[in-house]
């Protein structure tokens, strides 16, 4: 598997082989794309604007502003931006499967002893695209597709 460079990402977005919507050049990294927060969820409340102050030792969830659509020959790795790790946040990530389409939801936790302010619109994770050795025979939407098409924070 090969990781796509910034040049490869732009080429695939331009050709329609990869969808990142909205696409903002400033979020492009040398080997990935920074996804921004579109919604936050904590204690039963969804935040679509503004900031959330996450108390110490508190669980929350974030959903991306961007909608992505992976081709049949790409998967994606998710990495929390070091800015948030340095503030004490931890999160659970998986791979973004070939054929997935929608926004992404990330469960996260403030493991620090201090409150952490996080805002809608801030860059939260980097999505690194990997080219598969061949196209998948059955894409995400054809296998389980449980979260296919999701928008906003999706908990279950």
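The values are calculated or read from the model by the stated rules, or taken from the named source; none is laboratory data. Note that the coordinates shown come from a computational prediction; the quantities given were computed from them, not determined experimentally. Heads up, the Cβs are rebuilt from the backbone with ideal geometry, glycines too, and the neighbour counts pull from every protein chain shown.
Restricted to segment 119-143, and to residues there that are part of a loop (DSSP other than H, G, I, E, B) and surrounded by 16 or more Cβ atoms within 10 Å (Cβ to Cβ), the residue that is modelled with the lowest pLDDT is 139.
Residues in segment 57-69 that are over 12 Å from the mean Cα position of the chain (by Cα) and crowded, with 21+ Cβ neighbours inside 10 Å: 60 only. Can you name the residue in segment 78-105 that is surrounded by fewer than 17 Cβ atoms within 10 Å (Cβ to Cβ) and assigned to a strand (DSSP E or B) and, of all such residues, is modelled with the lowest pLDDT? Among residues in segment 78-105 that are surrounded by fewer than 17 Cβ atoms within 10 Å (Cβ to Cβ) and assigned to a strand (DSSP E or B), the one modelled with the lowest pLDDT is 95.
Being surrounded by 13 or more Cβ atoms within 10 Å (Cβ to Cβ), over 15 Å from the mean Cα position of the chain (by Cα) and under 21 Å from residue 24 (Cα atoms), is that true of even one residue in segment 106-118? Explain how you work it out, then say what you get.
Taking segment 106-118 as the starting set, the residues that turn out to be surrounded by 13 or more Cβ atoms within 10 Å (Cβ to Cβ) are 106-112, 115-116, 118.
This time we only want the ones that are over 15 Å from the mean Cα position of the chain (by Cα), so: 109-112, 115-116, 118.
In the following step, the residues that additionally are under 21 Å from residue 24 (Cα atoms) were identified as 118.
Yes, segment 106-118 has at least one match.
Look at segment 24-60 and say how many of its residues are outside any strand (DSSP E or B) and touching a residue at least 40 places away in the same chain (Cβ under 8 Å). It would help to see each step written out before you state the result.
Applying the first criterion (outside any strand (DSSP E or B)) to segment 24-60 yields 24-27, 30-31, 43-44, 48-50, 55-57.
Within this subset, residues satisfying the condition of being touching a residue at least 40 places away in the same chain (Cβ under 8 Å) are 27, 31, 48-50, 55-57.
Number satisfying all stated conditions: 8.
A Cβ distance below 7 Å, combined with a sequence gap of six or more or placement on separate chains, defines the contacts here; from segment 142-156, residues that are closer than 15 Å to residue 39 by Cβ reach residues that are loosely packed, with under 15 Cβ neighbours inside 10 Å in the pairs 153/46. Can you pull out every residue in segment 9-22 that is surrounded by fewer than 16 Cβ atoms within 10 Å (Cβ to Cβ) and under 16 Å from residue 104 (Cα atoms)? Result: 19, 21, 22. For segment 81-95, the set of residues classified as in contact (Cβ under 8 Å) with a residue 24 or more places away in the chain and under 25 Å from residue 141 (Cα atoms) consists of 91, 93, listed by residue number. Being within 18 Å of residue 23 (Cβ to Cβ) and either part of a loop (DSSP other than H, G, I, E, B) or over 16 Å from the mean Cα position of the chain (by Cα) (or both) is a property that does not hold for residue 156.
The residue that is nearest to residue 132 (Cα to Cα), counting only those in segment 61-71 that are touching a strand residue (DSSP E or B) at 6+ places or on another chain (Cβ under 7 Å) and not in a strand (DSSP E or B), is 70. Comparison of 26, 48 shows that the only residue that is farther than 21 Å from residue 147 by Cα and surrounded by fewer than 16 Cβ atoms within 10 Å (Cβ to Cβ) is 26.
Which one is farthest from residue 68 (Cα to Cα) among residues in segment 106-118 that are touching a strand residue (DSSP E or B) at 6+ places or on another chain (Cβ under 6 Å) and in a loop (DSSP other than H, G, I, E, B)?
Kept after step one, since they are touching a strand residue (DSSP E or B) at 6+ places or on another chain (Cβ under 6 Å), are these residues of segment 106-118: 106-111, 115-118.
Keeping just the survivors that are in a loop (DSSP other than H, G, I, E, B) gives 111, 115.
Working: 111: 29, 115: 31 Å.
Only one residue fits best here, namely 115.
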